[in-house]
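Student: Quick one: structure below, then a few questions.
The values are calculated or read from the model by the stated rules, or taken from the named source; none is laboratory data. Quick caveat: nothing in here was measured; it's all calculated off a predicted structure. Don't worry about glycine lacking a Cβ; one is built from the backbone with ideal geometry, like all the others, and counts go over all protein chains shown.
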Amino acid sequence: MAFKPSLSRKAAEGPEELDLTPYMNFVMILIPVIMQASEYIKIAMIPINLPPAPGASSAGGPVEPEPVEETLDLAVAVTSGGFTITAASARLPIIPLKDDDYDYEKLNEELWKLKQQVQGKYPDDTKIMIASGQDIHYEVIVKTMDATRAHQEGVRSFMMFPDVSLSSGIT
Amino acid sequence: MAFAPSKGKKHGAEGGSGRMELNMTSLIDMFTCLLAFLLKSFSAEGALVTPSSGLTLPNSSAGERAKPGLTIEIGQNGIVVEGVHMADNAAEFGKTDFQTLLKSPMYADLDRRHKAALAMEEYGSKFEGEVIIQGDKQIPFSALYKVMFICARNDYGKMRLIVISTAE
């Protein structure tokens with residue numbers, strides 16, 4: 001004969017509660033690990049090049065004539081008066097200061113127009129040289145690089161001139 | 001006449017044990033929210049480059065992830081190469097002529113590091129010539145350019161400017 005289960009025991013204990021101690025231990029260890037590996041300030045880098053030294057390729061050995069290929073030679077000069085864009089022997093209009101600050105939007109628009117014209121026509125159509133005055137702040141140079149790198153239209157971003165060289169051609 | 005305290009309420013209802021249990025629900029809710037927030041900003045690689053405390057880096061829309069390399073800090077109050085102070089004033093350093101720069105302590109230090117790195121190539125450590133430049137946003141361009149000149153003269157040609165990314 002099977003025993004009848006005790007009714008009194010069941011009634012006294014009530015519903016069982018989850019043991020949350022292992023979960024709490026796990027979370028307490030996980031939080032410092034994630035906090036250590038989290039980035040609250042995102043650090044990025046901008047690769048830059050120095051302008052090629054004149055005559056560097058012809059150093060040593062006989063000089064062989066190279067086929068002359070037309071290049072864009074795009075450059076943006078940053079001065080205390082604003083921006084000047086030059087490309088393929090052409091000089092675009094000067095972009096003056098706007099409310100005592102550099103007009104990065106206008107620079108971006110002008111370069112975007114130029115990019116659409118020269119796309120695929122020159123071998124150096126992704127390169128740009130930024131020549132700056134000696135006293136121009138570093139922040140202005142970085143913002144100029146941002147304005148030359150990409151053009152934003154709505155949610156789409158178009159790459160313009162991401163290969164930046166720095167030059168101090170302006171004194 | 002004062003009422004007598006209820007005996008039933010104090011001891012009778014909970015079976016007379018007198019033990020209380022912590023309610024963990026709200027604590028677990030908080031931890032779950034915290035975990036979700038931290039996972040959102042989690043980086044599997046960790047921070048490879050740590051910005052210097054005395055510098056205000058410029059903001060940029062660049063999104064390329066920073067890689068470690070020889071670190072040069074250019075602040076308003078001086079230039080530091082891998083933690084070693086090289087010059088006192090960045091603006092004055094920017095005015096130095098190129099011939100004087102070739103005799104500067106910074107040039108000598110980079111030259112020594114370059115030669116040491118080349119000597120290590122025999123043991124399989126390839127010299128990449130990578131340098132990361134952390135500049136304060138207010139320094140003049142001339143200071144940055146002179147630092148770049150010294151780097152280039154010592155074959156540190158792969159230069160990277162460190163910025164605070166505003167890219168999504």
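Student: Looking at B:G83 and the list (1) surrounded by 22 or more Cβ atoms within 10 Å (Cβ to Cβ); (2) more than 20 Å from A:I141 (Cβ to Cβ), which single condition is not satisfied?
Tutor: The single condition B:G83 does not satisfy is (1).
Student: If a residue must be facing chain B (nearest Cβ under 9 Å) and charged (D, E, K, R), how many such residues does region A:118-171 contain?
Tutor: 5
Student: Out of the residues in region B:150-166 that are more than 7 Å from every other protein chain (Cβ to nearest Cβ) and touching a Ser or Thr at 6+ places or on another chain (Cβ under 9 Å), which is farthest from A:K143 (Cα to Cα)? First the steps, then the outcome.
Tutor: Restricting attention to region B:150-166, the residues satisfying the condition of being more than 7 Å from every other protein chain (Cβ to nearest Cβ) are B:150-151, B:153-158, B:166.
Filter again for touching a Ser or Thr at 6+ places or on another chain (Cβ under 9 Å), leaving B:150, B:166.
Details: B:I150: 24, B:T166: 12 Å.
Checking each candidate, the answer is B:I150.
Student: Answer yes or no: is there a residue in region A:110-132 that is buried (at least 17 other Cβ atoms within 10 Å of the Cβ), at pLDDT below 85 and not acidic (D, E).
Tutor: yes
Student: In addition: When you scan region B:123-145, do you find a residue that is over 22 Å from the mean Cα position of the chain (by Cα), of a type in the set (S, T, N, Q) and at pLDDT below 90, even just one?
Tutor: Yes; the residues of region B:123-145 include at least one that is over 22 Å from the mean Cα position of the chain (by Cα), of a type in the set (S, T, N, Q) and at pLDDT below 90.
Student: Would you check if B:K115 is surrounded by fewer than 14 Cβ atoms within 10 Å (Cβ to Cβ), out of contact with any helix residue (DSSP H, G or I) (no Cβ under 6 Å at 6 or more places or on another chain) and in a loop (DSSP other than H, G, I, E, B)? Let's see the steps before the verdict.
Tutor: Details: surrounded by fewer than 14 Cβ atoms within 10 Å (Cβ to Cβ): yes; out of contact with any helix residue (DSSP H, G or I) (no Cβ under 6 Å at 6 or more places or on another chain): yes; in a loop (DSSP other than H, G, I, E, B): no.
No, not satisfied.
Student: What are the residues in region B:137-152 that are touching a helix residue (DSSP H, G or I) at 6+ places or on another chain (Cβ under 7 Å), part of a helix (DSSP H, G or I) and not hydrophobic (A, V, I, L, M, F, W, C), if any?
Tutor: B:S142, B:K146
Student: Then there's this: Quick one: would you say B:F98 is within 14 Å of chain A (Cβ to nearest Cβ), closer than 30 Å to A:A147 by Cα and aromatic (F, W, Y)?
Tutor: no
Student: Here's something else I'd like to know. Given (1) more than 12 Å from chain B (Cβ to nearest Cβ); (2) buried (at least 17 other Cβ atoms within 10 Å of the Cβ), where does A:E70 come up short, assuming only one miss?
Tutor: Every listed condition holds for A:E70 apart from (2).
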